[in-house]
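A.B. asks: Pasting a structure below so you can have a look.
A short reminder: the numbers here are calculations on the coordinates, not readings from a lab. Just so it is clear, the structure is predicted and the values come from calculations on it, not from any experiment. Cβ: placed from backbone, ideal geometry, glycine included. Neighbour counts: every protein chain shown.
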Amino acid sequence: MKAAIVTGAGKTPIYGEFNDAVVHGDEELITVRAAALSNVTRSRASGVHYSAAGVYPAVAGVDGVGLMKDGTRVYFAMPEAPWGALAELCPMHPRRCVDIPDALDDITAAAIANPGMSAWAALMERSHFTAGETVLVHGATGTAGRIAVQLAKYLGAARVIATGRNVEELEELRQLGADVTIPFALGPGHAAARGEFEEALAATFQQGIDVVIDYLWGESALMVIAALAKTVAEKSVRFVHVGSASGERNIELPGAALRSAAITLMGSGVGSVSRKGLVQSVRHVFEAVAPAGLKIATKSVPLADVASVWDSAKGKPRVVFTIG
């Protein structure tokens, strides 16, 4: 079968022939129609993601949209290595599949499922967000962050705060539901901007904060935690770490920051959220696309062109490979 094949850790997938997919037990062969190029797809293929199997050669792709043998159109996720979503066929257990509403097209479903799942799971499965609370989306200008802003507002957030490096994109988020935007710039030569970020965080948190959804980690996340420690009183704040888009995988967290304020730190992802919870999150997102008016920019690319766009494609618009 035709597939995007990863031959080794860190190597760009190539388009070619891979062994025919084989099913085991109650699995079904999904006829794949579309699959998105997400950060987790890239990192699992390269072997650096914590959930990567490290099996090579293998088919790339963690999720996609396709047809079951009875013709049901589904979203599917997390195939077992060496199989992946970027292929003509993919073996998948039905419990890892979600029916797609008729009104939702293949490209949008494939593009929005992963970022939508991460946002919904962080908000509902991990932080147990309730309507009327205030949410900070840290790293809101990325694809998942933009969806998180929209979902938080749709789910009834009293206030949605968005942080990010790109001022223009932060302004766009005001149209998607952000009530407050806080730009930041860190690193050498940005001492003044760093101070402004700290002051803006403190002033905003003094007005109340309940949930932080963090897509960046690194220095900026540490600054958010430090600001929480200085301004949060007795009411607990749930800090949910979702991704490390900053590229910084570790931080040195002072213990005093946790002793001096009611901050609950947690992660959200494969393992911290059950597979059932992740599947349910996707289902909820699909149901919310129309009533919430969820928006995601997409670009369709034939799977045969996988090698030419794999390394160059950025987060927006989201590349969706079409198969068949």
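A.B. asks: Using a cut-off of 16 Å between alpha-carbon atoms, which lysines can reach K314, once sequence neighbours fewer than 8 places away in the same chain are excluded?
C.D. replies: K299
A.B. asks: So what is the relative contact order for the chain, in percent, with contacts set as C-alpha pairs under 8 Å and at least six apart?
C.D. replies: Reported as a whole number, the value is 19 percent.
A.B. asks: If you don't mind, there's one more thing I want to ask. In the range 219-324, which trypsin sites (Lys or Arg not before Pro) fall in coil by DSSP and have 14 or fewer other Cβ atoms within 10 Å?
C.D. replies: Here the trypsin sites (Lys or Arg not before Pro) that fit, given the DSSP loop and packing criteria, are K235, R249, K295, K314.
A.B. asks: Here's a follow-up. Please go through the range 27-135 and write out the chymotrypsin sites (Phe, Trp or Tyr not before Pro) that DSSP classes as loop and that have at most 15 other C-beta atoms within 10 Å.
C.D. replies: Y50
A.B. asks: Given the options P188, P291, P91, state which has the largest fluctuation in a GNM of the chain using a 10 Å cut-off (strictly under) for Cα springs.
C.D. replies: In the Gaussian network model the winner is P188.
A.B. asks: A further question on this structure: Using alpha-carbon pairs under 8 Å, 6+ residues apart, how would you state the relative contact order of the range 114-267 in percent?
C.D. replies: Once normalised by length, the contact order is 21 percent.
A.B. asks: Quick check on my link table: of K2/K69; K153/K316; K11/K316; K153/K295; K2/K276; K153/K235, which ones sit more than 24 Å apart, alpha carbon to alpha carbon?
C.D. replies: From K2/K69; K153/K316; K11/K316; K153/K295; K2/K276; K153/K235, over 24 Å: K2/K276.
A.B. asks: Scan the chain and hand back the longest stretch that contains none of the GluC sites (Glu not before Pro) lying in DSSP loops with at most 10 other Cβ atoms within 10 Å.
C.D. replies: 1-233
A.B. asks: When the distances between all Cα atoms of the range 114-267 are binned every 5 Å from zero, what whole-number percent does each bin get?
C.D. replies: Per 5 Å bin, starting at 0, the Cα pair percentages come out as 2, 10, 21, 25, 23, 13, 5, 1, 0.
A.B. asks: Based on DSSP H assignment, which helices of the chain show an axial Cα extent of at least 15 Å together with a mean Kyte-Doolittle hydropathy greater than or equal to 0.0?
C.D. replies: Those that pass (Cα extent of 15 Å or more, hydropathy at least 0.0) are 106-120, 143-154, 191-205, 218-231, 275-292.
A.B. asks: Grab the alpha carbons of the range 226-324, take their convex hull, and tell me the volume per residue in Å³.
C.D. replies: 189
A.B. asks: With a cut-off of at most 14 other beta carbons within 10 Å, and DSSP calling the residue loop, which trypsin sites (Lys or Arg not before Pro) in the range 33-100 qualify? Please list them.
C.D. replies: K69
A.B. asks: Give the span of the range 1-140's Cα atoms along each principal axis, as three whole-Å numbers ordered largest to smallest.
C.D. replies: Sorted largest first, the three principal extents are 52, 37, 27 Å.
A.B. asks: Per the Kirkwood treatment, what hydrodynamic radius in Å, one decimal, follows for the chain from the mean inverse distance over all distinct Cα pairs?
C.D. replies: 20.3
A.B. asks: Taking the beta-carbon count within 10 Å as an exposure proxy, list S281, S300 from fewest neighbours to most.
C.D. replies: S300, S281
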